[in-house]
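A.B. asks: Here it is: the structure, laid out below.
The values are calculated or read from the model by the stated rules, or taken from the named source; none is laboratory data. These numbers were taken from a predicted model, which means no experiment stands behind them. Glycine also receives a Cβ, built like all others from the backbone with ideal geometry; neighbour counts cover every protein chain displayed. Surface accessibility is based on the protein's heavy atoms, side chains included, excluding ligands, DNA and RNA. Shrake-Rupley method; radii C 1.70, N 1.55, O 1.52, S 1.80 Å.
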Amino acid sequence: MKNRLLALVLFLGMSFPLLAQVKISGTVSDSTGPMIGASVVEKGTANGAVTGTDGSFQLTVKPGAVLVVSSIGYKEQEVAVGDQTRFTLFLEEDNELLEETVVIGYGVQKKSDVTGAIASVGSEALKNRSVDNVAAAFSGKTSGVQVISSSGDPGAIGAIRIRGISSNSNDASDPLYIVDGLQVSSLSAVDPQNVKSIEILKDAASAAIYGAQAGNGVVVITTKTGEKGSGKVFYNGSYTIEKLGIHPQTLNARQYIEFMEGAGSIAQSTVDEFWDGKTDTDWFNFMFPGGSAQRHTIGVQGANERGSYYTSLSVLNNDGMVYGDRDTFKRTNFQLNAEYKIKDWLKVGTTNTFQVRRSSYNLGSMGGNDLSIMAAVLTLDPLTPPLCGGSETVPKYMQVMLDNGFDVLTAPNGQYITTSMFNERTANPLASIYMYRDGRKENLNLNGTIYANLTPFKGFNFTSRFGYTLSAAETSRYLAPYFLNALMQSTTHDLSDRVSYGLGYQWDNFLNYTYTLAGKHKFDVMAGMSYLENNNVYIEGTTDTLKGYASNFWFLNFSSDDAIDTISGTRSKSASLSYFGRLGYSFDNRYFIQASFRADAFDTSKLSAQNRWGYFPSVSAGWTVTNEPWMQDINKDALSFLKFRASWGINGNISVLSNYQYATTITKGASNYQLTSGVEITNASYPGKLANEGLSWEKSKQFDAGLEARFFNNRLSTTLDWYIKDTDGLIVPVTPSFITGHKEVYMNSGSVRNKGLELEFSWKDTLGDFNYSISGNISHNTNLVTFLDPTLTFIDGTRVSNIHYATRFMQGYPIWGFFGLHYEGVNDQTGEPIFNDVNQDNKLNNDDMNYLGSSQPAFTYGITLSAEWKGFDFTIFGSGSQGNKIWFAGLRQDFVGRNFPVYFYEKAWKNPGDKSVLPAYKYINTTALLQSDAVLFDGSYFRINQIQLGYSLPKSLLKAVKLGEVRFYTSLDDYFTFTKYIGFDPVVAGDDAGKGRGIDRGTYPTAKRIMFGLNISF
Amino acid sequence: MKRSIILLVTALVALTAISCDPSRLDIPQQGVLSEGDFYQTDDDCLEALAGVYSGILHSPERRMYTYLYSFLSELSDEVYVCDAGYAVDQLHSYMFYTYDPSVSYLSRVYNDMYAIVYRCNLVIDHFSEGTSAIQRNAVAEAKVIRSWIYIYLVSMFNTPPIVDHVLKTNDEYRQPNSETGKAWEWIIQTLDEALESGALDSKSDVNDKTKVRATREFALALKGKAQVYSGDYAGAKASLEQVINSGKYALIPGEQLGDLFFTSQGNHNCESIFETNSVMTNENYKTVSTADNWAAYTPVRVDKFRIADGSFLKGYAAGWNHYTPTDKFLRAIIANEGMYSNRFKAWIYSYEVLLDMGLVEFSSLQDPSRKEYLASTSMETPDKNCPFGYNVDYCAETAGFWQRKLTVVPDDMYNQTYNYSKVNRRYFRYAEVLLLYAEACAQLSETGGKGLECLNKIAERAGAPTYSTLNMENVKKEKWFEMWGEMTRYFDLVRWGDAEKELSDHYTTLPVFFGYKEGKSGADLNEKGTNFDQVYNIRYFDVQAYTGVKYSFQKGKCEYLPFPSTEIANNPELKQNPGW
């Protein structure tokens, strides 16, 4: 490959005349027809030609010369000239995996040399997807990686978990993100369309080069660079229609009345009094009329022997599927990547992403509370009409409110937003939208790098890279007074605005040196350092009274003189310094061994100056069996490639430490007191916590063993990995004796083990004009808390129904396993529920809680089928999860009249002798049942994420109009989901990716989408 | 090649250039001081002392007063807790004696109290050698506050560990139980130290509202209380006499009792000996208020009324639960002084008072099912299913009377938000001094004299019949009526050995109120209101029949609260109280 490039470069760089001896000509074509821009070079010289638009070339060569014909993405071919002067050459596409390289920390490596577990996702997997963020795009595409979404809200980004969850801290399980060498805090600024490749460093040895921050794996993203050849202009556009993916069936009016009367929750007379006898609202249909999105990307790219450029501008405009326009997301992305070789020994380059995101107030983030619109859709009764007034009758009780002078909330069309008379603690979802008169989030990001590569002599490469991140954000909202009923009302205005900006920089210097001794001994050395600094500032203000309430007064500037204003803000900084090195040795492409080491120091907000350094070693080895001399006789058509590898290493997790947790300090003015009879305030100052000076980061030790094999002339390839990852030193809030005056001290006193198996496979083949491939992956992970400080029996996780902690962090169980009463069934004579009274004391309480299951799946898997035939292409991609549980938390025993999925109605006990799943109506919305696994469901699903059919116009046709590619496609994205779950959407069910995972209170569900798209390039 | 070498060298220099400066990693923490730099000046001392008082006002768990109230009032025979939307089972569990050492309010109160002790110790340890008046005063006040907290701790837990200095090492974090007698001695001795230091401030006269911290008289009153509680009646008499003779405290006039005692208007009134201090303005109310949600625990929950004619009531209803007087207390106090005494009116809202005051009013909405329900059921039948589909946890347990004492009215809340009450929490008042004095005298078998005088001052002010003789029976009765809901009754019953007798079965039935009986109105009440049960539509709900569990005070166990289970787990030296 290198030689070929060198040849091309040399050829293009020289243009002096040669002594003509033999004049030859010909054409180069590939499976689709004549090839433009293929190079034909006389072997061993700089003499060559490039094919024109019709694939033809002319060249004068020495007699007996050999032609080297090549083009990027094709197998190089050598042809002896002989006596022939006219050539018809055919280039075969290069599907050879051996040539692939993968990006590893501070370098690249040939895929065949890799000794760690690195998953690669190419740009093909991300192309033409309707999802707008990278995480969602690679979800299901590779093993060992899970993307956990807690919301399908436009613009929401899922959390990435690599090889299970290894920390009890919710924020501390994110992997490290590296984009073009730059460490970033989230992938939100990355437009999937600009991504060339994603590498996921899963095992400790691969990740150890990133040390203290890599305990949860590393996601390395490389953005596109210009491809060699003549410059290209491209346009990609799509239009997407969004609809509610899963419509859970909740009780209709008839069922609701029967249930509530049967349960004794609502009296017949109340129904007669307040129901008009015909309203039967389907809140899902009403609240999810559907949405749309459009996206346009235009760009140019190109490269020659000296330089390359890639630039694109992309706009996305998404109005989500919720009623009205309060779930919008708009994004503009600009990418500019360029590189130039100034001297033979000096190359400089830059990568830049500029992004503006605007979204309306995030409805998804309102999940979980009583005013959440998603919870309301699921729990509001069908007897209440969404709107009244205007042409619709105003119910009597609403009229009473109006008559009493209450300021009843109205929708933009002037109609009143109806409050339920049957369900006094659940707000109409429209009310939850419109009580926020204003709400928006705006983010600006400018991230990039500038780098120089110095290559003074062969095999030596020194890189100095300066990266920067600049971000600015504004979040503002205005909550006006509202009156829904006596329990749900507010008389205050609440306007807040938060502005922040961040400036970070990163300077990496590292050198790579490759040396080959006697052709067989290959050494790789890498050494370097990195300094990283982030500065953040924010200012936030709120006010509760404005000079006027028209929309042009909704700014802090118009806070009235007697308003109560608050202001907060600070400037913060974080920094780290690291040294790292890697040493690799391979012998004859058969034996590989690699060791790396990193030393990290963090700033004093995380660790004390004495305690700041951490050291992270790793070692890995590989053995390519098929390169052994004794293997050369075997049939490569059956076994083409076989490699064993193993690795071990230590990583850290620094994100659990922040805010000077180790320090004993006096908190000044944490509260205050008036020591005299006047208004004068004295700050109250005292040690804010019981400090633990020895506090340190979490450490993960991971062992990985892998096998890579390819069969049938590389058509079938498989990778199998087994790993065991022990994370120690989890920071847990240990309760000291209260007599210390404190109730918590943070200690490194918890351990978690993740253990798993990952399998990937792909099959690629061609049958005449028909190309097809199948690839898939399946991952299995088990997770166990192996140690928790003995003073803690368990740590409570997330509360459901306002009383019960449904998840616990407890030794011997998976992280944040579900705990509750075990529901054993129904007394078929009385309809009473039966629970497992563990200690047989006739009381159901905390002592009777059982482990009930986990939100973590036993298996996750993905499968992609693609096929091509005469310009048609077809892709079907699906992914799934098996064995995870979901806690349906939409009910509350203290809130009467909540609606729920029809399951609870249909499966309830009705008459003596019934063999039912659930007890009688009146036992359903009760404390005991809602604390039990009667509301815990299998959350397994299989979702078909993409069914795409495309057609590319024939190149011969396009040539006439000077177009390179025109492709139309249509796609059904996230369209079909197979699940037994009774709630909204099993894929996004949960408060968060940690302790609240799998607790479903109603979150913004995933949309199913129909997409129409067009790709053009010339 | 030469150039290559130069490049290599340059590269290596660049590589190491930045590395030399790890001081870039030193980022000072904002808004804190190092422990060594603090505790030096008078200003530091005042900030440390503010930590003590703010620990009382904004306790770490935020609701020390609220949680203490829920325990101590429910464990005695004073109140029912009703409609606890939040932690419903826990609040009811105290009332029914079904709680266990793991209930969260218990550990919260325990944590709050030891946090205050810790902050007192920070002042005492760092400034006991202090020479300035401010420092000497702060140390004395910290000792008083620590003793005050310990009176609760010993009364509640009997043998709480004594923590008399800031604990420094892991070994010190494990302290054993105290011995009750020695604990009382230590409390009294500490109060003496504070008193003898001469550093405590004192009110100038009865109308002085400027002494908002622990005063000399507070220390004396606490000493007297500790002496009564530990059985040193002669000592108590001497201590309490000093408070009485100081002339700096007086009872609020009877007719102003309701207006002054528990409103913001009465902050630092003449009767108050110790209360938290908040001087609120529009600018500061969020930071200086108690924000303990107390107001949310005590509103009159109009929304839970069940009115016989089916009408809804409108009015002030925000909050989570409310407390109402027990049937037993109501009948006793009405028999003693009727429904119209100064005291009764100040302590309790009756139904017609609520209507008269306009605190509640009828709306035009009706729920006819209520009327139907009453018509369909005979009045005295215990009903297993609570009316209207509400389960037992949500019944408004009342005989038509609601707590007024300590209830924060909307006018006393900023923005009518129950987080921000303008009323100071009154922890100790002069009436208790008089009653403790009367008790000390009665325990010493005095039957008249100053002890009787003190007792009758209370009764007179209340508008209740006075006593002709001093004895424990009269002291007990008067203290019950006067100190109702002020967290002394439970300790008193245990001290007097009356707990088993008084607390064994008073929660077996709970009253449910349905407005006036058919055809009756407030005008049908007799002069003292003693015939209220002929006018009010009250039905009794048989709790034990409903749940099948007998709730009861258990002798040898329920006298003291259990140590929180977390504390037993985390302090191996600590032994649990008997029976738990």
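A.B. asks: Any idea which of (1) touching a Leu at 6+ places or on another chain (Cβ under 8 Å); (2) in contact (Cβ under 8 Å) with a residue 24 or more places away in the chain is the one A:TYR591 doesn't satisfy?
C.D. replies: Going through the list (1) touching a Leu at 6+ places or on another chain (Cβ under 8 Å); (2) in contact (Cβ under 8 Å) with a residue 24 or more places away in the chain, A:TYR591 breaks only (1).
A.B. asks: Here is a follow-up. Helices (runs of 4 or more DSSP H) wholly in region A:198-275 with at least 2 residues that are within 28 Å of A:VAL184 (Cβ to Cβ) and more than 14 Å from chain B (Cβ to nearest Cβ) - which ones? I'd like the intermediate steps shown before the answer.
C.D. replies: Details: elements: A:204-207, A:253-263, A:268-274.
Answer list for region A:198-275: A:204-207.
A.B. asks: Further question: Here is a check on your reading of the model: is A:THR463 among the polar types (S, T, N, Q), open to solvent by 10 Å² or more (accessible area, probe 1.4 Å) and more than 32 Å from the chain's Cα centre (by Cα)?
C.D. replies: On the way: among the polar types (S, T, N, Q): yes; open to solvent by 10 Å² or more (accessible area, probe 1.4 Å): yes; more than 32 Å from the chain's Cα centre (by Cα): no.
In short, no.
A.B. asks: Turning to a different aspect of this structure: Would it be correct to say that B:SER23 is modelled with pLDDT of 80 or more, at the interface with chain A (Cβ under 7 Å from one of its Cβ atoms) and part of a helix (DSSP H, G or I)?
C.D. replies: On the way: modelled with pLDDT of 80 or more: yes; at the interface with chain A (Cβ under 7 Å from one of its Cβ atoms): no; part of a helix (DSSP H, G or I): yes.
No, not satisfied.
A.B. asks: Could you list, in sequence order, the residues of region B:298-335 that are among the aromatic types (Phe, Trp, Tyr) and modelled with pLDDT of 80 or more?
C.D. replies: Applying the first criterion (among the aromatic types (Phe, Trp, Tyr)) to region B:298-335 yields B:305, B:312, B:316, B:320, B:323, B:329.
B:TYR323, B:PHE329 - these are the residues of region B:298-335 that are among the aromatic types (Phe, Trp, Tyr) and modelled with pLDDT of 80 or more.
A.B. asks: Then there's this: Of these, A:TRP887, A:TRP869, which one is surrounded by fewer than 20 Cβ atoms within 10 Å (Cβ to Cβ) and hydrophobic (A, V, I, L, M, F, W, C)?
C.D. replies: Only one candidate qualifies: A:TRP869.
A.B. asks: Can you tell me which residue is farthest from A:SER471 (Cα to Cα) among those in region A:389-403 that are touching a residue at least 40 places away in the same chain (Cβ under 8 Å) and either crowded, with 20+ Cβ neighbours inside 10 Å or within 14 Å of chain B (Cβ to nearest Cβ) (or both)?
C.D. replies: So the first thing to find is which residues in region A:389-403 are touching a residue at least 40 places away in the same chain (Cβ under 8 Å), and the list is A:393, A:395-397, A:401.
Then keep just the ones that are either crowded, with 20+ Cβ neighbours inside 10 Å or within 14 Å of chain B (Cβ to nearest Cβ) (or both); that gives A:395-397, A:401.
Working: A:PRO395: 50, A:LYS396: 52, A:TYR397: 50, A:MET401: 47 Å.
Filtering first and then ranking leaves A:LYS396.
A.B. asks: To continue, here is another question. Just to be sure, is B:ARG495 open to solvent by 20 Å² or more (accessible area, probe 1.4 Å), touching a strand residue (DSSP E or B) at 6+ places or on another chain (Cβ under 7 Å) and charged (D, E, K, R)? Explain how you work it out, then say what you get.
C.D. replies: On the way: open to solvent by 20 Å² or more (accessible area, probe 1.4 Å): yes; touching a strand residue (DSSP E or B) at 6+ places or on another chain (Cβ under 7 Å): no; charged (D, E, K, R): yes.
No, not satisfied.
Okay, residues lined up against (1) within 9 Å of chain A (Cβ to nearest Cβ); (2) out of contact with any helix residue (DSSP H, G or I) (no Cβ under 9 Å at 6 or more places or on another chain):
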position: B:SER54; (1), (2): yes, no
position: B:TYR65; (1), (2): no, no
position: B:HIS92; (1), (2): no, no
position: B:ASN121; (1), (2): yes, no
position: B:ASP125; (1), (2): no, yes
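A.B. asks: Filter region A:910-930 down to the residues that are open to solvent by less than 30 Å² (accessible area, probe 1.4 Å) and either assigned to a strand (DSSP E or B) or closer than 19 Å to A:PHE819 by Cα (or both) and list them by number.
C.D. replies: Those that are open to solvent by less than 30 Å² (accessible area, probe 1.4 Å) and either assigned to a strand (DSSP E or B) or closer than 19 Å to A:PHE819 by Cα (or both): A:LEU918, A:PRO919, A:ALA920, A:ILE924, A:ALA928, A:LEU929, A:LEU930.
A.B. asks: Residues that are under 20 Å from B:GLU518 (Cβ atoms), at pLDDT below 80 and open to solvent by 20 Å² or more (accessible area, probe 1.4 Å): find the helices (runs of 4 or more DSSP H) completely inside region B:337-416 holding 2 or more of those. Reasoning before the result, please.
C.D. replies: Working: elements: B:342-347, B:351-357, B:368-376.
Here the list reads B:368-376.
A.B. asks: Just give me the residues in region B:249-262 being out of contact with any helix residue (DSSP H, G or I) (no Cβ under 6 Å at 6 or more places or on another chain), open to solvent by 20 Å² or more (accessible area, probe 1.4 Å) and not in a helix (DSSP H, G or I), in sequence order.
C.D. replies: Result: B:ALA250, B:PRO253.
A.B. asks: Restricting to region A:423-469, give me the number of residues that are away from chain B (no Cβ under 11 Å) and either under 30 Å from A:ASN925 (Cα atoms) or not in a strand (DSSP E or B) (or both).
C.D. replies: Within region A:423-469, residues that are away from chain B (no Cβ under 11 Å) and either under 30 Å from A:ASN925 (Cα atoms) or not in a strand (DSSP E or B) (or both) number 12.
A.B. asks: Still on this structure, I have one more. When A:PHE406 is evaluated against the numbered criteria (1) within 30 Å of A:VAL233 (Cβ to Cβ); (2) within 14 Å of chain B (Cβ to nearest Cβ), which criterion, by number, is the only one it fails?
C.D. replies: Unmet condition: (1).
A.B. asks: Considering only region A:477-515, state which residues are without any contact (Cβ under 8 Å) to a residue 40 or more places away in the chain and over 30 Å from A:LEU430 (Cβ atoms).
C.D. replies: A:SER500, A:TYR501, A:GLY502, A:LEU503, A:GLY504, A:TYR505
A.B. asks: Still on this structure, please answer the following. Give A:TYR501, A:TYR585, A:TYR531, A:TYR513 a once-over and let me know the one that is open to solvent by 40 Å² or more (accessible area, probe 1.4 Å), within 30 Å of A:LEU607 (Cβ to Cβ) and either out of contact with any Asp or Glu (no Cβ under 6 Å at 6 or more places or on another chain) or not small (Gly, Ala, Ser) (or both). Even if it seems obvious, please write down each step before you answer.
C.D. replies: On the way: A:TYR585 fails: within 30 Å of A:LEU607 (Cβ to Cβ); A:TYR531 fails: open to solvent by 40 Å² or more (accessible area, probe 1.4 Å); A:TYR513 fails: within 30 Å of A:LEU607 (Cβ to Cβ).
Going through A:TYR501, A:TYR585, A:TYR531, A:TYR513 in turn, just one is open to solvent by 40 Å² or more (accessible area, probe 1.4 Å), within 30 Å of A:LEU607 (Cβ to Cβ) and either out of contact with any Asp or Glu (no Cβ under 6 Å at 6 or more places or on another chain) or not small (Gly, Ala, Ser) (or both): A:TYR501.
A.B. asks: Given (1) open to solvent by 60 Å² or more (accessible area, probe 1.4 Å); (2) in contact with a helix residue (DSSP H, G or I) (Cβ under 8 Å, 6 or more places away or on another chain); (3) in contact (Cβ under 8 Å) with a residue 12 or more places away in the chain, where does A:ASN839 come up short, assuming only one miss?
C.D. replies: (3)
A.B. asks: For region A:620-663: of the residues being of a type in the set (D, E, K, R) and buried (at least 20 other Cβ atoms within 10 Å of the Cβ), which is farthest from the other protein chains (Cβ to nearest Cβ)? Please lay out each step first, then the result.
C.D. replies: Our first condition is that a residue be of a type in the set (D, E, K, R); within region A:620-663, this holds for A:628, A:633, A:636-637, A:643, A:645.
From what is left, the residues that are buried (at least 20 other Cβ atoms within 10 Å of the Cβ) are A:643, A:645.
Values: A:LYS643: 34, A:ARG645: 31 Å.
Going through the qualifying residues, I end up with A:LYS643.
A.B. asks: Of the residues that sit in region A:840-888 and are under 22 Å from the mean Cα position of the chain (by Cα) and assigned to a loop (DSSP other than H, G, I, E, B), which one is farthest from A:TYR951 (Cα to Cα)?
C.D. replies: A:SER854
A.B. asks: Can you find, within region B:429-475, the residue that is surrounded by the fewest Cβ atoms within 10 Å (Cβ to Cβ) among those that are touching a residue at least 40 places away in the same chain (Cβ under 8 Å) and aromatic (Phe, Trp, Tyr)?
C.D. replies: So, considering only residues that are touching a residue at least 40 places away in the same chain (Cβ under 8 Å) and aromatic (Phe, Trp, Tyr), the one surrounded by the fewest Cβ atoms within 10 Å (Cβ to Cβ) is B:TYR430.
A.B. asks: I'd like the residue in region B:127-177 that is of a type in the set (Ser, Thr, Tyr) and within 11 Å of chain A (Cβ to nearest Cβ) and, out of all such residues, is surrounded by the most Cβ atoms within 10 Å (Cβ to Cβ).
C.D. replies: Looking at the filtered set, the residue picked out is B:TYR173.
A.B. asks: Do you know which residues across region A:490-522 are among the polar types (S, T, N, Q) and within 14 Å of chain B (Cβ to nearest Cβ)?
C.D. replies: The initial filter retains those residues of region A:490-522 that are among the polar types (S, T, N, Q), namely A:490-492, A:496, A:500, A:506, A:509, A:512, A:514, A:516.
Selection gives A:SER490, A:THR491, A:THR492, A:GLN506, A:ASN509, A:ASN512.
A.B. asks: Mind listing just one residue for me: the one in region B:26-50 that is part of a helix (DSSP H, G or I) and more than 8 Å from chain A (Cβ to nearest Cβ) and, of those, farthest from A:SER574 (Cα to Cα)?
C.D. replies: Taking region B:26-50 first, the residues part of a helix (DSSP H, G or I) are B:42-50.
Applying the additional criterion that residues be more than 8 Å from chain A (Cβ to nearest Cβ) yields B:42-43, B:45.
Details: B:ASP42: 35, B:ASP43: 33, B:CYS45: 33 Å.
Across region B:26-50, the extreme among qualifying residues is B:ASP42.
A.B. asks: Would you check if A:PRO790 is assigned to a loop (DSSP other than H, G, I, E, B) and within 13 Å of another protein chain (Cβ to nearest Cβ)?
C.D. replies: Yes.
Listed here are the residues, each with its yes/no results for (1) in contact with a Leu (Cβ under 6 Å, 6 or more places away or on another chain); (2) open to solvent by 40 Å² or more (accessible area, probe 1.4 Å); (3) not in a loop (DSSP other than H, G, I, E, B).
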{"position": "B:THR210", "(1), (2), (3)": "no, yes, no"}
{"position": "B:GLY224", "(1), (2), (3)": "yes, no, yes"}
{"position": "B:LYS237", "(1), (2), (3)": "no, yes, yes"}
{"position": "B:ILE244", "(1), (2), (3)": "no, no, yes"}
{"position": "B:GLN265", "(1), (2), (3)": "no, yes, yes"}
{"position": "B:HIS268", "(1), (2), (3)": "no, no, no"}
{"position": "B:ILE273", "(1), (2), (3)": "no, no, yes"}
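A.B. asks: Of all residues in region A:374-421, count the ones that are part of a strand (DSSP E or B), β-branched (Val, Ile, Thr) and out of contact with any strand residue (DSSP E or B) (no Cβ under 6 Å at 6 or more places or on another chain).
C.D. replies: The first filter runs over region A:374-421 and keeps only residues part of a strand (DSSP E or B), leaving A:387-389, A:392, A:408, A:410, A:416-417.
When the remaining residues are screened for being β-branched (Val, Ile, Thr), the result is A:408, A:410, A:417.
So of that shortlist, the ones also out of contact with any strand residue (DSSP E or B) (no Cβ under 6 Å at 6 or more places or on another chain) come out as A:417.
So the count comes out to 1.
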